[in-house]
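Please treat every number below as a calculation from the coordinates, not as lab data. Just so it is clear, the model here is predicted, and its values are computed rather than measured. A quick note on method: Cβ atoms are made from the backbone with ideal geometry, for glycine too, and the neighbour counts reach across all protein chains shown.
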Amino acid sequence: MTSGAAASRYARALFDVTLKEGADVEKVQRELDEFVTLFRSHEVLSQTLGNPAIPASKKVAVVKALLDRAGSVSPTLAKLMLLLAERDRLVLLPDVLRTYRERLMDHQKVIRGEVTTAMALPADKLRALEQGLQRATGRTVVLESKVDPSIIGGVITRLGSTVYDGSVTTQLQKMKEALVEAGQ
């Protein structure tokens with residue numbers, strides 16, 4: 001099993017158990033995010049926990065100490081952290097977090113997207129676009145705005161695997177293809 005698939009399974013299990021137990025799924029995500037940030041920001045800790053030469057028992061001891069120091073961590077997350085330490089799989093935490101976030105957003109009916117324009121999009125226009133997409137999809141839409149002058153004008157919006165391309169560049173390309181086709 002690939003590490004991505006394993007991380008996905010751990011994240012799904014964490015989410016499902018948290019939800020089933022009636023615990024706060026958002027709180028678990030915040031706590032998981034804090035642990036991932038901690039591991040990323042402390043190079044020695046990250047190297048130690050990711051080193052296969054260090055026995056799992058020592059990693060379990062480090063994780064227990066971190067959990068004790070953190071205070072009130074959700075029991076489900078604490079169990080997962082210890083399980084990952086026992087199985088020497090703590091390197092999966094960033095992928096577990098990513099998949100957990102996706103699962104949480106899906107549960108909350110939130111979809112992230114990206115909007116690309118030739119010039120910076122004013123905040124009110126971005127909100128109006130989010131609201132229009134929300135009406136169209138039936139989900140809360142959160143857009144990240146990007147600027148790409150090469151599209152000349154118009155908008156390219158990506159929601160998941162769906163792309164809505166209303167850029168001037170694409171329209172010109174379609175016109176060119178139609179003219180070439182008509183001339184043959």
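Values for this structure:
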read-out: Derived scalar couplings ³J(HN,Hα) [region 72-88; Karplus, 6.51 cos²θ - 1.76 cosθ + 1.60; whole Hz; x for Gly, Pro]; value: 8, 9, 3, x, 5, 5, 4, 4, 5, 4, 5, 4, 5, 5, 4, 8, 6
read-out: Total charge dipole magnitude, the chain, about the Cα centre, Cβ charges on Lys, Arg, Asp, Glu only, Debye to nearest 20; value: 340 debye
read-out: Region 38-110 and region 117-131: distance between their alpha carbon centers, rounded to Å; value: 37 Å
read-out: DSSP-defined beta bridges in the chain - what % are antiparallel, rounded to 5; value: 55 percent
read-out: Filter on K27/K79; K125/K146; K27/K109; K20/K79; K146/K176 - keep pairs with C-alpha separation over 19 Å; value: K146/K176
read-out: When the convex hull of its Cα atoms is projected in every direction, mean area for region 3-106 (nm²); value: 6.0 nm²
read-out: Where trypsin sites (Lys or Arg not before Pro) fall in DSSP loop in region 1-109, at most 12 other Cβ within 10 Å; value: K109
read-out: Backbone N within region 58-76 under 20 Å of label point (7 Å from V44 Cα along the Cβ vector); value: 58-70
